[in-house]
Amino acid sequence: MDKRKPANQRRQSLFFWPFTIIFFALFLLAGCAEVPLTQRKSLHLVPEGQVLSLSFQQYREVLKKSKLSTDRQKVEMVRRVGRRIARAAEAFLEDEGLGYEIDSYHWEFNLIENDKAVNAWCMPGGKIAVYTGILKYTKDETGLAVVLGHEVGHAIAHHGNERMSQALLANMGGMALSVALSKRPYETRQLFMAAFGLGANIGFLLPYSRVQEAEADWIGVMLMARAGYDPRAALSFWNRMRKSAGKRPPEFLSTHPAPETRIENLKEYIKEAMSYYQMQ
């Protein structure tokens, strides 16, 4: 018995696949965007308005479930450094012709009391959390500026949207965020939080790519230099983090790997950033 498909079905299959490939290619092209400042093409399937809405909601939920630090001196340090980095980020966006993006940022800085969580993150819209566990590595304000500059660098480069888009494509077939939240709300929120590095609150993490890390490193040292912090402190911080990595590295290193090549690249970025620092 001939189990092959009838000729008409085979012809339909031949017509079907080219249209499927074309549709998929157009789908990806429609979601393609440029990373601010570096002009790298990246995948953005999630409208920025939806990202901001979910970001603000998730940030409030994280704060409700967390114990905020009552150490006034440390809290003020986080907010002081954060404000300086935020002003530098806005000036940087203006200089790069991206001033229209500034209205999307509603900066907020909170210190979460958790000495075991060596972590910090910046969600879309400038919602930032620093965990007390990372302060032993930052050491001082300049070290903290390295961390906040790097995290804000991820935010203004829209790396979170890129990672969320990749996760939706890989796990949900490119399903729209609104549809994914309706049909698979828990899984979608977990993907969102993993994509934005909220490792202290979830059971898995999505590591940044080397390209994304390089972009955040470059932007980060520029921001801290423009904010009046010595960018050379970035080398000391990342070396401290690298030495701390053992069998189970801190959460911050789980999403921010620090190989030797990264240190070498930072040296080049710092040369460029020093011109901004010396003008302060």
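Values in this text are rule-based calculations from the coordinates and carry no lab data. Since this is a predicted model, take the numbers as computed values, not measurements. All Cβ positions, even for glycine, are placed from backbone atoms using ideal geometry, and neighbour counts span all protein chains on display.
Look at where the Cα atoms of region 112-135 and of region 92-106 average out, and the two centres are 24 Å apart. Each of Q278 and Q50 was given a label point 7 Å from its Cα along the Cα-to-Cβ line. The distance between the two points is 4.8 nm. For region 47-278, the number of Lys pairs with C-alpha atoms closer than 20 Å, counting only pairs eight or more positions apart or on separate chains, is 20. Taking Cβ atoms as reference points and 15 Å as the exclusive limit, the residues near D230 contribute a net charge of +3, counting Lys and Arg as +1 and Asp and Glu as -1. For region 47-278, a simple Cβ point-charge model (Lys and Arg +1, Asp and Glu -1, everything else neutral) yields a dipole of about 1000 debye relative to the Cα centre. So in region 47-278, what percent of DSSP beta bridges are antiparallel if you round to the nearest 5? Once the DSSP bridges in region 47-278 are tallied, antiparallel ones form about 50 percent.
On a per residue basis, the convex hull of the C-alpha atoms belonging to region 47-278 measures out at 117 Å³. Couplings 3J(HN,Hα) for region 40-46, derived from phi with the Karplus relation 6.51 cos²θ - 1.76 cosθ + 1.60 (θ = phi - 60°), are 6, 6, 9, 8, 10, 8, 9 Hz, where x marks Gly and Pro.
The amide H of A117, built 1.01 Å from its N in the peptide plane, has G133 as neighbours under 5 Å, considering only residues 5 or more places off or on other chains.
With the cut-off at 1.5 for a/c, could you classify region 72-112 from its C-alpha gyration tensor as rounded, prolate or oblate? Prolate, since a/c reaches 1.5 and a/b exceeds b/c. Sorting the segments 65-72, 161-168 by their mean number of nearby beta carbons within 10 angstrom, highest to lowest, gives 161-168, 65-72. Judged by the mean number of other Cβ atoms found within 10 Å, the most tightly packed of the peptides 139-145, 153-159 leads the ranking 153-159, 139-145. Amide H contacts of R40 (H built 1.01 Å from N, in plane; Pro and chain starts excluded): V35 sit under 5 Å, all sequence-distant by 5 or more or on other chains. The residues packed around M77, meaning those with a beta-carbon under 15 Å from its beta-carbon, carry a net charge of +3 if Lys and Arg are +1 and Asp and Glu are -1.
Stokes-Einstein D for region 75-201 at 37 °C, 0.692 mPa s, Kirkwood Rh over Cα pairs, in µm²/s? Roughly 211 µm²/s, to the nearest whole number.
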